[in-house]
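FYI, it's all coordinate maths here, none of it is from the lab. Worth saying up front: this structure is predicted, and the values here are computed from it rather than measured. Note that each Cβ is placed from the backbone with ideal geometry, even for glycine, and that neighbours are counted across all protein chains shown.
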Amino acid sequence: MMKIWKNNQSKNIALIITAAGSSTRFGNNIKKEYLPIVENDISKGTILGKALETFLEINLFSTVVITIPENQQKEAEKALSFLPLGKSLVDGQLSKIKFAFCSGGSTRQASVFEGLKCIEKLSKANLPDAVLIHDGARPFVSKKIIEEAINSLEKSGAAVTGVPAVDTQKQVDETGKITAHLQRSKIYAVQTPQAFQFVPLLEAHKKASADGKTYTDDTEIWGEYCGDVYISYGENTNRKITYKEDLISGSSR
């Protein structure tokens, strides 16, 4: 795989924030990414806004696409308006960044594919060198995580944020019987962002959309059609908000 980071050359990097899910496990009438984060009775913006803000502060991204459910652009815009950089992006004040909301699909795989195609349209002839894909429900991502994911691309063109497993892992069959005792030292819990060379990932998604298989994330698609993926630096605080308890415990940090 050709290395794309050489001698600190200028990087054309795109970002996809995935926020097209239904939030059914969260148990709330409002989509979880639009909910506020409150610390010590002070609003820190919304989950979606906070997830995006850290990426914008790094100031490395040429294109930003957020996948959302169909007909929810107004709600998504409101969720970003709580943070100055998010509002500036929606209002077009960050003129150097190409930005769009994109209707996602019925699965994460489909939503990312729609996001990649949207970036392709926005970029026209100047396609990005790389793309980072991040869950809109991970508001506690740090600058170090993002920077390390980008730097890790030099190894093979694909990297995924992860942390070593804390609990012992077992593989089971459909009856619940343990079929394999996995070595914890070799197990990682993966997070986002995931980072990839853009064009190979787009081509891989095109093939994956036609092969009839189901992929849980983009590293599987890359592994199927492109090559190896490496783990990059992660943090336990970079949790995904799935249940109400995750937001309560995460916002107190």
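Below, the figures for the structure above:
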{"read-out": "Unmatched cysteines, the chain - criterion: no other Cβ of a Cys under 4.7 angstrom", "value": "Cys226"}
{"read-out": "Per DSSP, loop GluC sites (Glu not before Pro) in the range 119-174 with at most 13 further Cβ within 10 Å", "value": "Glu174"}
{"read-out": "Pairs beyond 22 Å (Cα-Cα), from Lys117/Lys213; Lys31/Lys121; Lys74/Lys124; Lys44/Lys117; Lys50/Lys78", "value": "Lys31/Lys121; Lys74/Lys124; Lys44/Lys117"}
{"read-out": "Low-density loop cleavage sites - trypsin sites (Lys or Arg not before Pro) in the range 33-128, where at most 12 other Cβ are within 10 Å (DSSP)", "value": "Lys96, Lys124"}
{"read-out": "Neighbour cut-off at most 10 other Cβ (10 Å), DSSP loop, chymotrypsin sites (Phe, Trp or Tyr not before Pro), the range 185-214", "value": "none"}
{"read-out": "Out-of-range pairs (alpha-carbon distance over 32 Å; input Lys98/Lys143; Lys143/Lys186; Lys177/Lys207)", "value": "Lys177/Lys207"}
{"read-out": "Inter-probe distance in nm under a simple model that places probes 7 Å from Cα toward Cβ, at Tyr188 and Glu154", "value": "1.7"}
{"read-out": "Computed [θ] at 222 nm, helices only, for the chain once each DSSP H run of length n ≥ 4 contributes -39500 (n - 2.57)", "value": "-9500 deg cm²/dmol"}
{"read-out": "Dipole of the chain, positive end: most advanced residue of Gln191, Ser81, Thr179 [Cβ charges, Cα centre]", "value": "Ser81"}
{"read-out": "Spin-label proximity, Gln169 to the range 189-218 - amide N less than 19 Å from point 7 Å beyond Cα toward beta carbon", "value": "189-195, 215-218"}
{"read-out": "FRET efficiency, 1/(1 + (r/R0)^6) with R0 25 Å, evaluated for Lys74 and Asn126 via beta carbons", "value": "0.25"}
